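Comments concern the structure below.
The values are calculated or read from the model by the stated rules, or taken from the named source; none is laboratory data. Since this is a predicted model, take the numbers as computed values, not measurements. All Cβ positions, glycine included, derive from the backbone under ideal geometry; neighbour counts span all protein chains shown. Ligands, DNA and RNA are excluded from the accessible area calculation, which covers all protein heavy atoms including side chains. Shrake-Rupley method; radii C 1.70, N 1.55, O 1.52, S 1.80 Å.
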Amino acid sequence: MSASMPSQDPSATAPGQAPENAIEISGLRKTYAASGSDAAKEALKGVDLAIPAGSVFGLLGPNGAGKSTLINILAGLVLKSAGKVSIWGFDQDKNPRQSRASIGVMPQELNLDAFFTPRGSLDVQAGLYGVPRSQRRTEEILEFVGLADKADAYARSLSGGMRRRLLLGKALVHQPQVLVLDEPTAGVDIELRQMLWTNIRRLNKEQGTTIILTTHYLEEAEEMCDEIAIINHGEVIAQDSTSALLSRLDQKSLAITSAKPADLPPPPPGMKAERRDDGSFLFTYSPAETGPDAIFATLASHGITIADVTSVEPHLEDVFLSLTKPT
Ligand SMILES: Nc1ncnc2c1ncn2[C@@H]1O[C@H](COP(=O)(O)OP(=O)(O)O)[C@@H](O)[C@H]1O
Ligand SMILES: [Mg+2]
């Protein structure tokens, strides 16, 4: 996956033409009808969401939260029950053709036709999107997703990782401004994960493609995403820049390495103290209530000389847990 991606039609990405938000969603609801012994399920309960153009946006939430439902509605694969969706400025109901042309989706499920080769699949997909033969970039996309040498192999002979890359290729045939990836790295090996992230970053940086992804790897979201929405039980419970989301957690930790071996001192009031595997002391506190001075005073009163101090930042996982914990 080293070939550079061909540039998009410049008129389609001229900065002046990009809307402020790649996606705008308001009052979005979805109830799956009851079927057989399954009761009706309200999967989305009135979602409002604005996804800035040019961002790498993460949609996080536990299993069953409604992430795939939301993405499948964007993709036009699931019909919404109520609400408004606009993609790249096009209302999904009023301008279905333009809104569909603006988005490419790499689905969570591996839904490939076993009888098509990668080249054939990309051609069929391009045909579905009305990309004229002269404008098809089949070979370049095959290069981009690292399937050039498998271009004519039947899909059923491709490994799971190759199928995922083909799904990414299919999402790109019509050069969408918005690329949506539903759990792109779930169950894939580390090497493929790195390749996918490298490619996705490049699409974002070099083409300005807006990226929306769902993941349950919080570290990945923290590393990749500029902005994050957390969805739980069909509702968005937080949306913010990744850094703001992290700073929202009113928690800081300082790790202190003692110059000489020493016992863990009792923590100052309102703090937690623990010994870490490397022998350092970890003090965790709420910055609104107390601060490092109290730690230094405690250490001094126990005759502990400090060799080193490091600040340990909270992780998205802590934010996520604090927001989604059952109440
Ligand atoms: N086709 C469907 N028919 C009925 N219920 C569904 C369907 N798809 C999803 N659901 C239900 O809707 C809820 C949200 O599912 P989903 O959007 O797949 O969540 P996520 O992707 O966050 O795991 C879950 O309770 C799921 O069981
Ligand atoms: Mg899902």
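Annotations for the structure displayed:
- Filtered residues of the stretch 174-186 (kept if open to solvent by 10 Å² or more (accessible area, probe 1.4 Å) and away from ligand 2 (no atom under 16 Å from the Cβ)): H174, Q175, Q177
- Single residue of E109, E139 found to be out of contact with any Gly (no Cβ under 7 Å at 6 or more places or on another chain), without any contact (Cβ under 8 Å) to a residue 24 or more places away in the chain and within 16 Å of ligand 2 (Cβ to nearest atom): E109
- Going through (1) in contact (Cβ under 8 Å) with a residue 40 or more places away in the chain; (2) within 30 Å of K30 (Cβ to Cβ); (3) among the charged types (D, E, K, R) one by one, K252 falls short only on (2).
- Looking at T324, T310, just one residue is surrounded by 11 or more Cβ atoms within 10 Å (Cβ to Cβ), closer than 25 Å to I230 by Cβ and in contact with a strand residue (DSSP E or B) (Cβ under 7 Å, 6 or more places away or on another chain), and that residue is T324.
- Wholly within the stretch 59-170, helices (runs of 4 or more DSSP H) carrying at least 2 residues that are away from ligand 1 (no atom under 16 Å from the Cβ), within 26 Å of N204 (Cβ to Cβ) and of a type outside the set (K, R): 96-101, 118-128, 138-144
- Restricting S241, S280 to residues that are not assigned by TED's automatic domain parsing to the domain that holds L59 and not aromatic (F, W, Y) narrows the list to S280.
- Filter result (closer than 26 Å to G130 by Cβ, aliphatic (A, V, I, L, M) and over 22 Å from the mean Cα position of the chain (by Cα)) within the stretch 142-171: L142, L147, A148, A151, A155
- Of all residues in the stretch 54-77, those that are in the same structural domain as R201 (by TED's automatic domain parsing) and among the aromatic types (F, W, Y) have Cβ atoms under 6 Å from Cβ atoms of residues that are open to solvent by less than 20 Å² (accessible area, probe 1.4 Å) and outside any loop (DSSP other than H, G, I, E, B), 6 or more apart or on another chain, in F57/I51; F57/I212.
- Exactly one residue out of D91, D38 is more than 16 Å from ligand 2 (Cβ to nearest atom), more than 21 Å from the chain's Cα centre (by Cα) and over 30 Å from K325 (Cβ atoms), and it is D91.
- Flag for I200 being within 16 Å of ligand 1 (Cβ to nearest atom), assigned by TED's automatic domain parsing to the domain that holds R119 and of a type in the set (A, V, I, L, M): no
- Residue satisfying all of: in the stretch 19-35; within 20 Å of Q98 (Cβ to Cβ) and open to solvent by less than 60 Å² (accessible area, probe 1.4 Å); farthest from ligand 2 (Cβ to nearest atom) among these: P19
- Selected residue (criterion: least open to solvent (accessible area, probe 1.4 Å)) from residues of the stretch 187-230 that are within 16 Å of ligand 2 (Cβ to nearest atom) and either assigned to a helix (DSSP H, G or I) or among the charged types (D, E, K, R) (or both): A221
- Any hit, the stretch 77-91, residues being closer than 22 Å to N232 by Cα, touching a helix residue (DSSP H, G or I) at 6+ places or on another chain (Cβ under 8 Å) and open to solvent by 40 Å² or more (accessible area, probe 1.4 Å): yes
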